[in-house]
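J.: For reference, the structure I am asking about is given below.
Where a number appears in this text, it was derived from the coordinates with a stated rule and is not lab data. As the structure is a computational prediction, the values presented were derived from the model and not from experiment. Glycine gets a Cβ as well: all are built from the backbone with ideal geometry, and neighbour counts include every protein chain shown.
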Amino acid sequence: MADKDYYQILGVQKNATKEEIKKAFKKLALKYHPDRAPEDTKVEYEEKFKEINEAVSILGDDKKRQQYDQFGSAAFSGGAGGTGGAGFQQGFDYSDIMSQFRSGMFGDFDDVFDHLFGGSGGGKRKVRRGSDLLYETEITLEDAHSGISKTILLNKLERCDECHGKGAYEFESCHHCHGSGYLKRTQRTPFGLFQQTGPCPYCHGKGELPQDSCKNCGGEGLIRRKKELDVSIPAGIEEGMRLRISGEGEVGDNNGPSGDLYVQMHVQQHELFLRKGKDLHVTVPISFSQAVLGDEIEVPTIDGKAKLTIPAGTQTGTILRMRGKGMPSLHGSEKGDQMVALHVIVPTKLSKKQKELIKELHEEKPQHGFFKKIFTSAFL
């Protein structure tokens, strides 16, 4: 039987580290998983998949790798070399390994490598970072303009103070899985014997069993608490932006670090102002006489009122800019502007004197500009 080059199969150098072997295995296992094979190449994918797993079952274990480097693959064929096999077992369902890996049965790829291919992770509780949380809150446009400190109420799981998140005070090695955290199950099928490896159902993959469960948390290691948190919302915050508060997310597994809390902003629609970036837009009504003669008026702003000069002859739809009266920037640059759209109000009820004045204006023939052009073209 020809000697197999397991390093070449995985595409790594002979001095590759275990981490490099792990990365190569993950890449190839996902690439050649039989579920991803085109229909006409499914057999080839299955053979390649078994070959990859055979290689990693030897190179992923320090003792077997040493034997392979000394004697070659012949040391693991048919019980040669007194090793009793390399961990690559005939009839082992390697497709099942990767289907369980993809479904999350083993937690992550490191667990697959450590527990199934001779790694050192058996029996050790794997520390994992907790998940992030999202909290949505509403603020007013005035709040977004000036900034605000807001108290939010969280209802989340936190570590039990009594047992420090362990669920018990003392543990002993699980006698069902002998502290490995995993159990092998052999199943006879028409195609032969198949072995599956999964988390121990008695210790839930932890490798140890509690002796005296914590009464405070009922052995869970976690307690749900209501927590008030003060959040500082900076001036200039915009709709949909998120603030990250480190360490206020879900607690991590096995006393791992907590995730983060993200507070997402929803800015309420304002009854007067429309926000466009740093600028604020507002429509202000003016009278017919103010539009014709000009005037100085008082207009609302996001933080009070301000004077605005209306030039004579202003038309409906004219937009005047009030510099620095918009929203601040999160990055500390200058404030935006307030854009004031003027809307000329045509009076619907006139006194007798007002009607006479309007009639006099109406009887005057337009001599300039747009009206002159209309008047002239009508008689050509």
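J.: Within the set Lys18/Lys184; Lys156/Lys276; Lys14/Lys206; Lys156/Lys184, which residue pairs have Cα atoms separated by over 26 Å?
T.: Lys156/Lys276; Lys14/Lys206; Lys156/Lys184
J.: In cubic angstrom, how much convex hull volume per residue do the alpha carbon atoms of segment 1-48 span? Intermediate values should be presented prior to the final figure.
T.: On the way: hull volume 3.8 nm³, N = 48.
Per-residue hull volume (Cα only) is 79 Å³.
J.: Moving to a separate point now. Rounded to two decimals, what is Rg over Rh for segment 274-348 when you use alpha-carbon atoms and the Kirkwood radius?
T.: 1.04
J.: Right, next: At 7 Å along Cα-to-Cβ for each site, give me the label-to-label distance between Ser289 and His331 in nm.
T.: Each label point lies 7 Å from its Cα, and together they span 4.9 nm.
J.: Something else about it: In the neighborhood of Arg224, defined by Cβ-to-Cβ distances under 11 Å, what is the net charge if each Lys or Arg adds +1 and each Asp or Glu adds -1?
T.: +2
J.: Right, next: What is the gain in length, in nm to one decimal, between Glu39 and Arg244 on full extension, counting 0.36 nm per residue of separation less the C-alpha to C-alpha distance?
T.: Taking 0.36 nm per residue and subtracting the Cα distance, the gain is 69.1 nm.
J.: Once you have the Cα-Cα distance between Val346 and Glu20, take 0.36 nm times their residue separation minus that, and quote the gain in nm to one decimal.
T.: That pair, Val346 and Glu20, stretches by 109.4 nm at full extension.
J.: If the chain between Val127 and Thr151 were fully stretched, how many nm would it gain, using 0.36 nm times the residue separation less the Cα-Cα distance?
T.: 5.5 nm
J.: Continuing with this model, one more query. Based on the Cβ-Cβ distance from Gln211 to Glu138, what FRET efficiency comes out when R0 is 51 Å, to the nearest 0.05?
T.: Values: r = 49 Å, r/R0 = 0.96.
It comes to 0.55.
J.: Let me ask something else. Distance in nm between label sites at Thr309 and Asn254, each 7 Å beyond Cα in the beta-carbon direction?
T.: Simple spin-label model gives 7.4 nm for this pair.
J.: For labels at Lys27 and Leu229 in the simple 7 Å Cα→Cβ model, what's the distance in nm?
T.: Result for the modelled spin labels: 3.8 nm.
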